[in-house]
Amino acid sequence: MLRRWMFILSLVFVAGCASESTEAPEPEQAPVEESTEEAPSDTAPDPEPTEPEGDVSTGATESIVEQLEAPWSIAKTDDGWLVSERGGTIAVIDADGSLDRQAVVLDEDVLEIGEGGLLGLALTVDFATSRQLYAYHTYGTPGNVQNRVVELTWDGNQFEETDVVLDEIPGAQFHNGGRLLLDGDVLWVTTGDALVPELAQDETSIAGKVLRVPLSGAGNPTDWIYSSGHRNPQGLTKIEDTFYASEHGASGHDEVNIIEEGNNYGWPLIEADQERDGLETPWFEVGETSWAPSGIVADDRYVYMATLRGNRLVAIDRESREVIPLVEDKGRIRDVWLEDDGLYYITNNTDGRGNPGSGDDQLYRLTIE
């Protein structure tokens, strides 16, 4: 009898700790939580934009490719696209839309657990000739979840690990961060709090941080902490000298922050419009209803943001912070890429929390005029 009660109490403890921004975790793997990222799309109300209209002019939407499997990150090549899939493969997509799903050979196998798996991608500047890129992935065991960043080399048939950039990043079933951004000889990495909120404030831990990782490998991982106090940042973009990061809140109040060196963005001490000396309030926050923001990109006028629970692709005016919905009818949206006069985005309806259609998941192109 005592053993039975201990088991029941352990389930209650796990349910209380598994909070993801304000979405719920994978229904087949964990009890429902209040997290912002991952609520089933049929139970999550659409958030209201701050402004219903704007001056972004959009044209036709076309599907580039279908049948992606829980895609996470988009990377554009000269010949098409690379899209990471959470189970541990990369979808190689030609300009004509043909799909070749290829293996990723790693020294540590991808652990697909909760929100973990093969996550962010970033291509080297000379990818066309070097065939090298960087990837963020979860590994370990369900009882010891970690994340790592590796260099991959592509031979046209598979991707193989050729170097380790950073490993032993704290991980968990949820809150793994995972976005990469390559900027010259620096790789920017977002990490989650690994379901231990206090780690976001712990300067001896690289969890809950934005990291500035020199590709030379100089220094120790804690030397690479650029900003702290993050819960689960899944979007990062740079426009001129400004970095924007999207982040899941605990119950609504998802954020977009302007990231500056040495700043502390408050989690778990403050969120939304709360204030405390030495802590930053967000540049933008969504309010009481979660959007579960993921990938973002920016131009000189707007920050474009993919949302999971919100089921939207939105444009946020960089001056007024007014919100303009661009896509509202494709389900969960995980990542977005800006290219000339088009926004490319991937749906994420096959990740266990959406309602996939017959062609899902898909890479789409939205014309911007």
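Points to keep in mind about this one:
- Taking label points 7 Å from Cα along the Cα-to-Cβ direction, residue 98 and residue 60 give a separation of 2.3 nm.
- Stretch gain in nm, segment residue 129-residue 240, where the contour uses 0.36 nm per residue and the Cα spacing is subtracted: 37.3 nm
- Under 22 Å from the Cα of residue 238 - lysines, other chains or at least 8 residues apart: 76, 209
- Each part reduced to its alpha carbon centroid, segment 302-369 and segment 63-128 end up 18 Å apart.
- FRET efficiency for residue 107 and residue 322, using Cβ-Cβ distance with R0 set to 41 Å, rounded to 0.05: 0.30
- Residues 284, 174, arranged from fewest to most other Cβ atoms within 10 angstrom of their Cβ, appear as 284, 174.
- The fewest-to-most ranking of 345, 364 by surrounding Cβ atoms within 10 Å reads 364, 345.
- Helical mean residue ellipticity (222 nm; -39500 (n - 2.57) per DSSP H run of 4+; nearest 500) of the chain: -1500 deg cm²/dmol
- Theoretical gain in end-to-end length, residue 162 to residue 277 [0.36 nm per residue, Cα-Cα removed]: 37.0 nm
- 10 °C / 1.306 mPa s Stokes-Einstein diffusion coefficient of segment 241-369, Kirkwood radius on C-alpha pairs, µm²/s: 104
- Averaging the sequence gap over all C-alpha pairs within less than 8 Å and six or more residues apart, then dividing by the number of residues, gives segment 45-368 a relative contact order of 16 percent.
- Against the compact-protein benchmark of 2.2 N^0.38 Å, the Cα-based radius of gyration of the chain scales to 0.92.
- Among residues other than residue 98 with Cβ under 14 Å from its Cβ, the summed charge is -4 (Lys and Arg +1, Asp and Glu -1).
Each reported figure results from applying straightforward, stated rules to the coordinates on display, with no laboratory input. No experiment lies behind these values; they were computed from the predicted model shown. Cβ: placed from backbone, ideal geometry, glycine included. Neighbour counts: every protein chain shown.
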